[in-house]
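Structure, as structure tokens:
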Amino acid sequence: MTWTWFSARTAPRRTAPTWSQFLRSQAEAILASDFFTVDLLDGTQAYVLAVIEHATRRIRILGVTLHPTREWTTQQARNLLMDLGEQTHRVKFMIRDRGSNFTAAFDAILAGAGIRTVLCNVRTPRMNAITERRIGGCRRELLDRVLVWNQAHLRRILREYEIHHNQHRPHRSLHGAAPLKPLPEPVDLGQYRVRRHTRGARSRFTCRCGPAPW
């Protein structure tokens with residue numbers, strides 16, 4: 001009987017971070033954008049461009065249009081940079097898909113501010129999963145429950161949703177805080193004394209600062 005020996009080659013060690021590692025390590029520097037459509041009761045279809053900050057989960061509705069032309073999309077990139085203001089320097093990456101609504105001019109405006117465009121692979125929505133979830137949440141919480149008459153109506157309700165999302169809606173990834181409203185500092189109840197004052201059937205409580213007498 002003849003034995004044949006094979007030498008197994010060691011698999012090459014991965015030097016670059018995985019996609020999930022990149023998202024976690026660079027969260028403070030990542031924005032992600034995407035278009036979604038809304039059918040209006042006047043028979044037209046509106047395109048909405050949204051951007052989300054990975055670290056804070058803050059969402060920005062950049063604009064609504066019936067025709068996302070090259071000029072319109074480029075102007076939304078300029079508006080985004082103006083909205084970011086002094087925070088622009090901390091943003092290094094913009095994640096987007098390869099949709100035809102995005103143009104080279106859109107990327108060039110961001111590149112001028114030091115923001116590198118990162119393209120998702122074809123048919124890989126999980127690469128932009130945070131944006132996909134937020135758009136899905138907007139549909140479930142708002143658009144699937146409201147009949148939208150026209151562009152003006154859509155802009156108004158999206159603005160209200162943006163305020164609600166950023167200032168009031170709790171997020172699991174933020175431990176229950178809202179993007180623009182962090183949780184208050186925990187209160188040390190040990191420094192307070194609560195006394196109950198009873199008069200007849202009524203009770204009154206007072207709270208005073210200081211150690212308890214016991």
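Do we find that G176 is in contact with a Pro (Cβ under 8 Å, 6 or more places away or on another chain) and exposed (fewer than 14 other Cβ atoms within 10 Å of the Cβ) in this structure? So G176 passes the test.
If you go through segment 62-81 and keep only what is of a type in the set (A, V, I, L, M, F, W, C) and either closer than 28 Å to S25 by Cβ or touching a Phe, Trp or Tyr at 6+ places or on another chain (Cβ under 6 Å) (or both), you end up with L62, A77, L80, L81.
Only one entry in R96, R139, R126 is touching a helix residue (DSSP H, G or I) at 6+ places or on another chain (Cβ under 9 Å) and at pLDDT 95 or above, namely R96.
Of the residues screened, T131 is one that is closer than 25 Å to Q21 by Cα and in a helix (DSSP H, G or I).
The values are calculated or read from the model by the stated rules, or taken from the named source; none is laboratory data. Because the structure is predicted, anything quoted here is derived from the model rather than measured. Don't worry about glycine lacking a Cβ; one is built from the backbone with ideal geometry, like all the others, and counts go over all protein chains shown.
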